[in-house]
Amino acid sequence: MIHVQLGVWDPLGLIADGNQERFDILREYEIKHGRVAMLAVTGYLTTAAGIRFPGAEGIPDGLKSFPALYESADGNNVLLQMAAFFTVAEIVNREATWVDGVKAEFPGDYRNGALDFGWDNFDDATKMRKRAVELNNGRAAMMGIWGLVTHEIMGNSILPGGYLPGQ
């Protein structure tokens, strides 16, 4: 039977057969997407606040940033750097056991014996709570970035002061 920390809601029956390996793969995807969504919300709000990297002051925020990046040589370099980063991150984290003898403790565990930040000092209950917090924050961020993007497309601001990115 599947070991689940927060319960299962599987309306599509993707893990109805009780396959633990399939569940772990789907959970890893969920965690990874949640982490990316947390970064996306942070980046969206940071650029909406007017904060830019040096040299990118002229790049608009919101969805209008992508066409602007395609139009300039510097923008193309930024896109290439992003693609290279995503590719390397995916390759490095493709297997949770990329370091010989190191086994992932749970799906989404990319410490690989190198990064710990005190994780090994926590008891099992604290680890489970922190994992649940990350999972739920990732779920909220996935909904949050889609909410921000959807409202931008509709032309309705949900940001403080009625600010609408890309305007």
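Quick notes
- Phi to ³J(HN,Hα) by Karplus 6.51 cos²θ - 1.76 cosθ + 1.60 over segment 148-154, Hz, x for Gly, Pro: 4, 5, 4, 5, 5, 4, 6
- Subtracting the Cα-Cα distance of residue 71 and residue 159 from their residue separation scaled by 0.36 nm leaves 28.9 nm.
- Loop GluC sites (Glu not before Pro), segment 23-93, which have at most 16 other Cβ atoms in a 10 Å radius of their Cβ (DSSP): 57
- With at most 10 neighbouring Cβ atoms within 10 Å, loop chymotrypsin sites (Phe, Trp or Tyr not before Pro) (DSSP) excluded, longest segment of the chain: 10-116
- Beyond 17 Å, the tail of the calculated P(r) for segment 20-162 holds 71 percent of the Cα pairs.
- Taking θ as phi - 60° and the Karplus parameters 6.51, -1.76 and 1.60, the scalar couplings of segment 57-69 work out to 4, x, 7, x, 9, x, 5, 6, 5, 5, x, 5, 5 Hz in sequence order, x denoting glycine and proline.
- When the chain is described by a simple charge dipole with +1 on each Lys and Arg Cβ and -1 on each Asp and Glu Cβ, the residue from 34, 119, 158 located farthest towards its positive end is 158.
- Estimated from the Cβ-Cβ distance and a Förster radius of 35 angstrom, the FRET efficiency linking residue 126 and residue 36 is about 0.90.
- Cα-derived Rg over Rh, computed across segment 1-87 with Rh taken as Kirkwood radius: 1.18
- Each listed q (0.24, 0.28 Å⁻¹) maps to a log10 I(q)/I(0) for segment 115-167 from the Debye sum over equal C-alpha point scatterers, namely -0.89, -1.04.
Throughout, read-outs are computed from the coordinates displayed, never taken from laboratory work. Everything quoted here is computed from the prediction, not taken from an experiment. Don't worry about glycine lacking a Cβ; one is built from the backbone with ideal geometry, like all the others, and counts go over all protein chains shown.
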